[in-house]
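Working notes, structure below.
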Amino acid sequence: MSSITTIRDKSGRAIKYRARYRTPDGASRSQTFNKKAAAEAFLNSTEHRKLNDEYVDTSAGRITFGAYARDWAERQPHRATTSESIEAILRRHILPTFEARPISSIRTSEVQAWVVSLGTPTHNEEGEIVKSALSPTTIALVYGKLAGIMRSAVDDQRIVRTPCTRGVKLPRQDGAEVVLMSPEQVVAIADAVPARYRALVVLIAGTGARPGEALGLTVDRVDWLRRRIRIDRQLITVAKSVPTFGPTKTASSVRTVAAPQVVLDELSQHIAHHGAGPGGLIFTDTKGDPIRRNALGHVWRRAAAEAGVEAYSWHDLRHYAASVMIHQGASVKAVQRQLGHASATTTLDVYAHLWPDAEDTTRAALDAGLTRFVSSSCHDVSHRQAN
């Protein structure tokens, strides 16, 4: 039962009103108000929320955001690499602002100010940038993690409502088109990387495999006669652990891809010179161990600087493969299957601008469809003029 107790001063004058109530699990709670009407309104609201299963214990929201966020992250059924990525996002971008705050105290206006700060570079007293601004795409990714944590807090009845509402405005994400490497740049990279990485460049550029998929390729997945490569796993690198085989990015990423002869020739020469690693792994480091993703990044940066193509990355070789297929007349579905996209929509979202002469094809089709109509119209005009 709820009740209101009057708090009086020494002279007997009412100065405060204490509203007492019980939580749905029977715990006793109280809150003090200056006016009796406010206490009555609070109790009425509390009873209404209890009846509608919307009650949130005020003490539940006292947990700090940092404590709840870490617990949330540990409860997610993510792969090790995804968990590592989430931990980095929390540590670098979210916890510095919200870690010590009671989760129920975070307001929408504060979230909006934080979003703006993510897109603003930080300078030191000398005017040097000490923290770069994040891109609109990265800001959306980081904000999405905060919003997910807050939604979970609502579900756990830690807070009544999330501060990540529709009122939070994110910077506009311009649909920038993929900037493609030229054939000359791909060759330059292949020539600049250490010899044991050359076939890796050719493999990704020639098949569109993801870097992790290429690193996880083993000899038994290559069908030399049918010129096909089976991709059903990738090499996953987690901090402070040995790279291991893991599932592909998505279920649709499991596929058999066409392998051009030049790719097979490079792989054959690579195996002849460097041998195969444990389990038939084609690509290994100088010690014969699986290649770590961070090591792959170092290799690219050194080679890119030498070749003068520093604006690109290993993943851009995959974009190059897609562009070659499209320019050679491959259909959307064919490109989708080769790249392992979940749907043709994904393929079009990234590469639609590469399909050549789409406007000319449409114009020609419309012209062909109207030719008879135009000819008929001209004939009618000539006939009327003759009469």
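Taken over the stretch 1-10, the criterion of being surrounded by 10 or more Cβ atoms within 10 Å (Cβ to Cβ) and more than 55 Å from the chain's Cα centre (by Cα) is satisfied by 6, 7, 8. Candidates in the stretch 128-155 are the residues that are touching a helix residue (DSSP H, G or I) at 6+ places or on another chain (Cβ under 8 Å) and part of a loop (DSSP other than H, G, I, E, B); of these, the one that is nearest to residue 83 (Cα to Cα) is 134.
Considering each of 139, 149 in turn, give the residue that is hydrophobic (A, V, I, L, M, F, W, C), touching a residue at least 24 places away in the same chain (Cβ under 8 Å), surrounded by 15 or more Cβ atoms within 10 Å (Cβ to Cβ) and within 30 Å of residue 320 (Cβ to Cβ).
Values: 149 fails: within 30 Å of residue 320 (Cβ to Cβ).
None of the others qualify; the one that does is 139.
For the stretch 115-126, state whether one or more residues are in contact with a Ser or Thr (Cβ under 6 Å, 6 or more places away or on another chain) and surrounded by 17 or more Cβ atoms within 10 Å (Cβ to Cβ). Within the stretch 115-126 (the criterion being in contact with a Ser or Thr (Cβ under 6 Å, 6 or more places away or on another chain) and surrounded by 17 or more Cβ atoms within 10 Å (Cβ to Cβ)), the answer is no, since none of the residues qualifies.
Considered as a group, the residues in the stretch 156-195 that are of a type outside the set (A, V, I, L, M) and part of a helix (DSSP H, G or I) include one that is farthest from residue 320 (Cα to Cα), and that residue is 191. Being assigned by TED's automatic domain parsing to the domain that holds residue 313, buried (at least 19 other Cβ atoms within 10 Å of the Cβ), of a type outside the set (S, T, N, Q) and more than 22 Å from the chain's Cα centre (by Cα) narrows it down to one of 225, 215, 235, 203, so name that one. Criteria check complete, one pass: 203.
Filter the stretch 11-40 for residues that are in contact (Cβ under 8 Å) with a residue 24 or more places away in the chain and aliphatic (A, V, I, L, M); which is surrounded by the fewest Cβ atoms within 10 Å (Cβ to Cβ)? Break it down stepwise before answering.
At the first step, the residues of the stretch 11-40 found to be in contact (Cβ under 8 Å) with a residue 24 or more places away in the chain are 19, 21, 23-24, 27, 29, 31-32, 36, 39-40.
Adding the requirement that they be aliphatic (A, V, I, L, M) leaves 19, 27, 39.
Working: 19: 21, 27: 10, 39: 23.
That would be 27.
Scanning the stretch 76-100 for residues that are touching a strand residue (DSSP E or B) at 6+ places or on another chain (Cβ under 9 Å), surrounded by fewer than 17 Cβ atoms within 10 Å (Cβ to Cβ) and closer than 16 Å to residue 147 by Cα yields a total of 1. The number of residues in the stretch 306-349 being assigned to a helix (DSSP H, G or I), under 20 Å from residue 183 (Cβ atoms) and hydrophobic (A, V, I, L, M, F, W, C) comes to 10. Applying the selection to the stretch 207-230, what residues are under 12 Å from residue 316 (Cα atoms) and either among the small types (Gly, Ala, Ser) or touching a Phe, Trp or Tyr at 6+ places or on another chain (Cβ under 7 Å) (or both)? Selection gives 208, 209, 211.
The values are calculated or read from the model by the stated rules, or taken from the named source; none is laboratory data. A quick note: this is a predicted structure, and the numbers were derived from the prediction, not measured. Note that we place each Cβ from the backbone using ideal geometry, even for glycine, and neighbour counts take in every protein chain shown.
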